[in-house]
2 protein chains.
Amino acid sequence: MKLDSSGLQVLTEAECLRLLASAPIGRIVFTDRALPAVQPVTFCLDGDAIVIRTGLGSKLAAATRRTVVAFEVDDYDPVLRTGWSVSVVGHADAVTDPAEMSRLAMLPIEPWAPGSRDHFIRVRVEQVSGRRITRGHSN
Amino acid sequence: MKLDSSGLQVLTEAECLRLLASAPIGRIVFTDRALPAVQPVTFCLDGDAIVIRTGLGSKLAAATRRTVVAFEVDDYDPVLRTGWSVSVVGHADAVTDPAEMSRLAMLPIEPWAPGSRDHFIRVRVEQVSGRRITRGHSN
């Protein structure tokens, strides 16, 4: 088992992608008016990309056109103090091709919030890394 | 109940601070070699600041000196599809005053990872905002 300098278990890329596909909620990290911003979203892993649905006029839609973003998923047990996190960095862009939008509309992305969600953001999974904290297995 | 343009309930500042104080894990959002980065951390709310312990030589320590960061906590129920999130934006800095470091060492921050954690990062809570998704109360 590979450990990083903080003693956390380093996850393989395959494990990162498996965990990424399993998470119901992720957090997209972007820049909003020159300040760091983070927003939880539902999403779907579609090939080598994360697909997010949002409203066309949303702050998220405006802030994620042709830029690099981070995306994070995690799961923790606060009692056992164990858990894992996976982070992705990649180029984000709006999907504008009508045929591609029709295809993405069939993906099982279920926004929890009310309102229309006619805008698709695609984040390429260009860098992925993950860590896990376990108990009794850190040596 | 105030709703935002996406139909999410807007939390008051008092509610945001209460939820922030209740969360076992938060995610600090920073810039690492010109790329957006996000890392889960344990933390403590100390007055108007978030306090994080990390290793002196950590990537997080290096990337959070005299800069503006975001910090996010959330909690979701994937079955009910309800939850909340709170985001903070503020100036981060290393705590270097020995008396202040001694005081912060007494705070109930429990890093889950092994290894020394002799470096304190303080994030001023300068902007705070939060949203909640409920079922059957969105109108």
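Couple of notes before you dig in:
- Helix-only mean residue ellipticity at 222 nm for chain A, each DSSP H run of n ≥ 4 adding -39500 (n - 2.57), per residue, nearest 500: -4000 deg cm²/dmol
- Partner chain coverage, peptide A:60-66 - average Cβ within 10 angstrom: 0
- Looking at the range B:56-139, the trypsin sites (Lys or Arg not before Pro) that sit in a DSSP loop and have at most 15 other Cβ atoms within 10 Å of their own Cβ are B:Arg65, B:Arg66, B:Arg135.
- Candidate cross-link partners of A:Lys59 among the aspartates and glutamates, defined by an alpha-carbon separation under 18 Å and a same-chain spacing of 8 or more, comprise A:Asp32, A:Asp93, A:Asp118, B:Asp4, B:Glu72.
- Computing FRET efficiency as 1/(1 + (r/R0)^6) for B:Ala99 and B:Asp75, where r is the C-beta to C-beta distance and R0 is 45 Å, gives about 0.80.
- Chain B: relative contact order in percent, alpha carbon pairs under 8 Å with at least 6 residues between: 31
- Cα centre as origin, Lys/Arg/Asp/Glu Cβ charges: chain A dipole, Debye: 260
- Between 0 and 90°, nearest 10: helix A:13-22 axis offset from chain A longest Cα axis: 60
- Simple spin-label estimate for A:Asp32 and A:Arg18 in nanometres, 7 Å along Cα-Cβ: 3.5
- Think of the axis that spins chain B onto A; the B residue whose C-beta lies nearest it, and the distance in whole Å, is B:Val29, 3.
- Across the identical copies, the 7 Å label point of B:Gly115, projected outward along Cα→Cβ, sits 4.0 nm from its counterparts, in ascending order.
- For B:Asp4, the point set 7 Å out from Cα toward Cβ sits 2.7 nm from its twins in the other copies, listed from shortest up.
- In nanometers and ordered shortest first, the copy-to-copy spacing of the B:Arg65 label point, defined 7 Å from Cα toward Cβ, is 3.8.
All of the numbers you see were taken from the coordinates with simple rules; none came from a lab. Just so it is clear, the structure is predicted and the values come from calculations on it, not from any experiment. Ideal geometry is used to build each Cβ from the backbone, glycine not excepted, and the neighbour counts take in all protein chains shown.
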